[in-house]
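Q: Structure incoming, see below.
Bear in mind these aren't lab numbers, they're just calculated from the coordinates by the rules spelled out. Keep in mind it's a predicted model, so treat the numbers as computed, not measured. Backbone-built Cβ (ideal geometry, glycine too); neighbour counts: all protein chains shown.
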Amino acid sequence: MHAEKRSVKIKLSAERGKTDWTERYRITAVLKEKNGTRVCLAEHLLLKQKRIIKTVCRACGEAEAALREAVLMKGLQHPCIPEIYDIEEQKNGFSIIEEYIPGESLTSYFLTHYPETEEIIMFCSQLCGLLEYLHGRKPPVLHLDIKPDNLIVRQDRLYLIDFGSARQTEPGFVSGELTGTPGYAAPECYRGEAEARSDLFAVGRLLEFMLSHSAERRGKKARVQRKRLLRVMRRAQRARPEERYFSAAAMKRALLAAGGAGADWEGCRTVGIAACTRRVGATYFAFLFAAFLQRKRKRAVYLECNESDTVIRLPARKAGRRLPEFQGIPVAEARGIRFRAGGEGYGLQWEKQNLEGLGYQAVLEDFGVLTPENLEAFLSADLCLLFVGGKVWEREALWKCMAMLSRQQRKPFIMVNFTGKREFRELSGQLEDMRCLRVPFAAEPKDSREGGELWELFDELWDGSGGLAAEEKHRYVFSERRDV
């Protein structure tokens with residue numbers, strides 16, 4: 001009752017203009033009133049513009065949180081966040097004056113309009129762009145309550161409101177009790193361990209809501225886009241934060257790629273491929289991955305960096321082609337005869353510059369079996385993949401490779417081939433400081449078509465943490481992968 005009286009006193013003060021700042025506004029509607037907090041729609045008398053005025057009584061339980069939210073938002077400047085104009089002190093409380101965003105909630109918009117996939121991609125990309133701004137602040141800002149009711153749609157633009165659960169993650173940050181809304185909050189939020197990728201989990205939930213209330217168009221292009229968005233949604237909602245997208249920027253790129261816009265980069269990037277022993281499928285995987293990169297509109301070339309000279313002898317040079325091709329993939333050779341006859345100055349860097357001059361954007365370097373002699377060159381690639389098979393003697397070879405890698409700061413992805421999920425979990429559990437990925441069985445190149453399990457693995461290597469298209473190049477987060 002005491003709190004209610006104080007709330008009434010603030011209300012009368014705002015309406016009658018007893019203080020200087022209130023004389024500039026006229027209350028036109030009461031939008032919400034509860035527990036000593038009152039939200040009003042007001043008009044600025046001089047500017048003739050609408051404002052939201054949120055008046056909070058100091059005695060109510062939400063006063064501290066409301067003030068913290070206002071101070072936090074006042075330091076943010078982004079087109080998708082309502083602007084805080086001022087925080088006015090009063091005898092019994094304070095009032096927050098913020099920008100009025102006319103529009104409707106995302107919940108209402110999707111329940112009445114049923115947008116198509118292009119609009120879903122546009123909205124989610126805008127949201128990821130906003131999170132990129134928030135997470136890039138110093139210290140980073142986590143929203144931690146992303147849901148349809150906290151998003152407003154206005155003229156093809158999405159606005160994020162309600163920063164009541166937002167936190168700044170300074171050193172030693174612990175989120176404490178659950179922040180956010182059950183159903184949209186990430187699993188780690190229930191443990192008080194929220195982080196930036198907790199917001200990405202909520203975006204994944206939001207994407208699920210959008211897809212479930214969207215119009216399904218007919219046609220191959222629409223089906224492909226929907227499959228791609230479902231893949232983005234599943235990855236964003238993975239239980240382990242390290243298995244989600246590394247950043248909001250990475251998720252935004254994946255969303256744009258789902259709409260047909262390929263990730264771009266300057267220059268030429270390399271994929272180092274080596275094996276613990278022979279015949280574990282590394283060379284075949286290199287050709288499959290090259291085909292995937294071509295689907296991503298990247299000019300990819302296979303570069304044989306071992307002494308076998310096996311692949312370079314297979315294709316025949318085609319008329320008008322600068323390089324011979326095998327199964328549609330350009331093939332070149334870096335070691336073998338050319339290495340022995342090349343003389344001083346010839347090596348992988350020379351070959352990479354040569355291929356870049358020919359217009360290639362991705363080079364798949366096949367080193368064959370990993371040895372002390374090629375270890376340094378292998379680890380110098382932008383993305384490093386070390387293959388191991390499922391047989392006992394192949395596992396023994398893996399431990400020999402681990403001994404070589406133990407003295408190196410750079411660690412490759414461990415690609416486990418020819419194993420089931422149970423055997424993979426056992427092996428990945430023994431490699432706790434390495435990132436392990438299971439290679440699904442593919443009998444023919446057509447098995448790598450989009451939407452399959454192998455395609456999801458390619459997508460992980462393409463834009464995952466430390467992936468080939470990731471902006472955070474050479475920045476790796478290692479953890480075992482329990483299933484792929």
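Q: Can you work out the FRET efficiency for the pair His44 and Glu356, with r the C-beta to C-beta distance and R0 = 60 Å, to the nearest 0.05?
A: On the way: r = 58 Å, r/R0 = 0.96.
So the FRET efficiency works out to roughly 0.55.
Q: While we're on this one: Compute the FRET efficiency between Arg154 and Gln409 as 1/(1 + (r/R0)^6), taking r as their Cβ-Cβ distance and R0 = 41 Å, and round to the nearest 0.05.
A: 0.25
Q: If you don't mind, another one. Would you kindly state how much longer the chain becomes between Glu266 and Tyr284 on full extension, computed as 0.36 nm times their sequence separation minus their alpha carbon distance, in nm to one decimal?
A: Stretched out fully, the Glu266 to Tyr284 stretch lengthens by 3.8 nm.
Q: Something else about it: So how far apart, in nm, are the two label points at Arg295 and Arg422 if each is 7 Å from Cα heading toward Cβ?
A: 3.1
Q: Can you pull the one-decimal nm distance between simple spin-label points at Lys227 and Glu453, each 7 Å off the Cα toward Cβ?
A: Label-label distance for Lys227 and Glu453, simple model: 1.6 nm.
Q: Let me ask you something else. How much length is gained on full extension from His78 to Ser380, taking 0.36 nm per residue of separation minus their Cα-Cα distance?
A: Answer, rounded to one decimal: 104.8 nm.
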